[in-house]
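Heads up, the thing below is written out as structure tokens.
Nothing in this text is a laboratory measurement; each read-out follows from the coordinates by a stated rule. Everything numeric in this text was worked out from a predicted model, so none of it was measured. A quick note on method: Cβ atoms are made from the backbone with ideal geometry, for glycine too, and the neighbour counts reach across all protein chains shown.
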Amino acid sequence: MVMSRTICLNSDIGESPGETGRAMDRAILDVVSRCSIACGGHAGDDDSMRATLKAAKARHVVVGAHPSYPDRQNFGRKSMKMPQDELESSLRQQVRALGSFARGQGIAIDHLKPHGALYNDASRDPTLAEFIVRLTREARIRAVIGPPDSMLAKIAHATGTDFLAEGFADRTYARDGSLLARGESGAVIHEADAQAAQVISMIEDSTVIAADNQLISLQVDTICLHGDTAGAVQSALALREALHSRGIEIKAQAAP
């Protein structure tokens, strides 16, 4: 089939320990065009960063940094109250660590995507958003990935930093375009067919069906597939097949 349009699929990887986790990452990397690598805040270590970078390079997948609140116990999914200078120091250290390993393999870090609670907080908090964008620029990283129409998007655009608006294949949206909290009923979409339908709606119509069954507008540049959940690889393969059947090519296009 001739591919008539493209979409960038991304995944957060380097988050699951051991060879089982790395095998899952490699399988996900066979599908996506862009990845965000955990760099020690919520998950990941020196060995996982090196291995994940190598696997991404072998598959020509574009690489990004995935820093987090320094909270491995909660996998970076809870907001942390800590001095701003300590948080900034931790995030810099995480990004620099991945950057150092990437340079050693001749890889450029193309984007920065905050993880978990930091992602959500930076979408609303101007101080956090400003620092995330500043860190991106300091590290000579081209783009930021974050929610559409967020504070992070606003500050990135204001500073001339490329921004990739992100949608999620496996998360349910509220009417205002935000993600339902993971603790809410129906917040995570587990069925591969439902994930594919949501992604295709985003690509073809720039819409999704929100939790209250209302159709809402959602314009995105990249769509995230979570790679650390049960059935993630099977869902990714099913999504690739669904996209190809509609003439949609998976490609890591630049920001608009």
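Could you list ASP170, ASP85, ASP110 so that the one with the fewest beta carbons within 10 Å of its beta carbon is first and the one with the most is last? Intermediate values should be presented prior to the final figure.
On the way: ASP170 23, ASP85 8, ASP110 19.
The order, fewest Cβ neighbours first, is ASP85, ASP110, ASP170.
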Worksheet item: So which of LYS113/LYS154; LYS54/LYS81; LYS54/LYS78 end up more than 27 Å apart, counting from Cα to Cα?
Response: LYS54/LYS81; LYS54/LYS78
Worksheet, complete the sentence: Here the FRET efficiency for ASP149 versus SER79, based on Cβ atoms and R0 = 35 Å and rounded to 0.05, is 0.95
Item to complete: Work out how far the C-alpha atoms of segment 5-250 reach from end to end along every principal axis, then list the three figures in whole Å, largest first.
Response: 42, 37, 34
Worksheet item: So, how do all the Cα-to-Cα distances of segment 85-190 break down into 5 Å bins, in percent, from 0 on up?
Response: 2, 12, 22, 22, 17, 13, 9, 3, 1
Worksheet, complete the sentence: Asserting the computed 222 nm helical MRE of the chain (DSSP H runs at least 4 long, -39500 (n - 2.57) per run, divided by residue count, to nearest 500) equals -12500 deg cm²/dmol
Worksheet, complete the sentence: Both in Å, the radius of gyration and Dmax of the C-alpha trace of segment 117-256 are 15.4, 43
Worksheet, complete the sentence: Note on the chain, DSSP bridge orientation, antiparallel percent to nearest 5 equals 15 percent
